[in-house]
Every structure is written in structure tokens, then in C-alpha cells.
Amino acid sequence: MKQQSKEERVHHVFEKISDQYDTMNSVISFQLHKKWRADTMKRMSVKRGDHALDICCGTADWTIALAEAVGEEGKVCGLDFSQNMLKVGEEKVEKHGLRNIELIHGNAMELPFEDNSFDYVTIGFGLRNVPDYLAVLKEMNRVLKPGGMAVCLDTSQPTMPGYRQLYYFYFKHIMPLMGKVLAKSYEEYSWLQESASDFPGAPELKKLFEKAGFVKVKYKPYSGGAAASHFGYKKSQ
């Protein structure tokens, strides 16, 4: 029952905060999430014509960045289980005039795709919200083509004394307060800090990637370990 309650709670959170999600993201991360994603994309070296899947795509920012990278000859699918978040994403995709994107309502733990379908699978600030991290990583591995790359950008656990305490204080007290004032959503932003504080640190997440079957796993911490990108490859057959 615990697993189901997390799923229901996360669904409620994102259905409720979808309209303010982009604004709050920028406020909470001091716009840094955009720089982290841009650096992650640079390290990925996405090629034109590639096929990519962005899971827990939310309002489709990373989906759009991937679509621009693969070009008209490529294709990107964005998947999320919040219809309200996808609605915001659809408006953005239309605004950008991108025809190589398909947004799908679905569950990250049971991806509705065949094995060996994508060159890249990404998940941005979404892994911490799923009930079973390993199950999602295994699904990412399954739908990747042999040699394909999985990438996770998410909050992490700073290790530097002092900074670590400041980070937790910010997440526990300041962030929910900002959610209350700016988005009228104190409880929802309290949940987001809970999910971030429970999430594995970068070395632990690297081990989970390896447990899911990925090879050559590396990670890049950002802002003193406040966030990190992990990169892993599916074994070549």
C-alpha cells in the first residue's frame, strides 16, 4: 500500500501545481536548472536524426530541447502521468512549432514501448518522485537500443559540511514557504522537499544505474552537489 500511496500523492501534487510549475522551478533553483540541463545536453552530444524518450517529462522543457537537437529527421516522445502537466507541455510544443514531438500519458514504471526503441532516454527531476527508482531505471534500459544512453538529471545530496545543512534548511523550510506564497501550495512543495531529501546521493545512484544493467556510468555534480546528472549506457550486443 505504501508504494501506491506515493504514486497517488505524486499524481495529486503535479496535477495541482502544473500551472505554476515552470515559474516555481525557476524561483526555487534560482534559474540554475536551465544551466544544469544545458550542460547535460552538451555532454550527451545528441545527433540529428536520433530518437529520444523523455520520461516524467512534465511541461516538456527537456523534451523540446531534445527535439531541437535531433532535428526534423529525428523524433522525441515525452511521457508523463499528469494530464495537467502534459497540457502545459502541449501548449509549449505548439508555440515552438515542433512537429517531431509526441507527448504521451503513461507510467514511467511500465513504459508503453518495445525493447530497443530509442537512442536516448532522459528523466529530469522525476526519478525522485517514482515509487521504485530501480524499476524505472530497468525500464529505461529495456527501451534503449544497444549502446544507447540513459540520462538522469535530479536533485542530489551535498556532502560539504555547512553547505549540506544550509541545503536541507532551504528545502525543508524556505521552499514550502515559497510554494505557499507564490503558488498557494504549501503541502505540495513540502512533498517535493521530502522526495528530494529521501533521494540517493550521486555515488548511490550510480550503483543503482549499474544494478539496472547500465555500463560506463558517470555522474556530474552541480552547485556543490545540490543536483547531479548521471549518464549510463546500455550494453552493446
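The values are calculated or read from the model by the stated rules, or taken from the named source; none is laboratory data. Just so it is clear, the model here is predicted, and its values are computed rather than measured. Neighbour counts are summed over all protein chains in view; Cβ atoms, including those assigned to glycine, are modelled from backbone coordinates with ideal geometry.
Structure above, values below:
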read-out	value
Residue within the stretch 5-24 that is in a helix (DSSP H, G or I), modelled with pLDDT under 95 and polar (S, T, N, Q) present	yes
Residues of the stretch 91-115 that turn out to be of a type in the set (D, E) and either surrounded by 15 or more Cβ atoms within 10 Å (Cβ to Cβ) or closer than 19 Å to P131 by Cα (or both), as a count	1
Looking only at the stretch 121-132, and only at residues there that are modelled with pLDDT of 95 or more and buried (at least 23 other Cβ atoms within 10 Å of the Cβ), the one that is nearest to K145 (Cα to Cα)	V121
Among residues of the stretch 136-153, those that are within 14 Å of C56 (Cα to Cα) and either surrounded by fewer than 24 Cβ atoms within 10 Å (Cβ to Cβ) or in contact with a Ser or Thr (Cβ under 6 Å, 6 or more places away or on another chain) (or both), counted	3
Residues located in the stretch 208-221, provided they are under 18 Å from the mean Cα position of the chain (by Cα) and free of Cβ contacts under 8 Å to residues at least 24 places away in the same chain	V217, K218, Y219
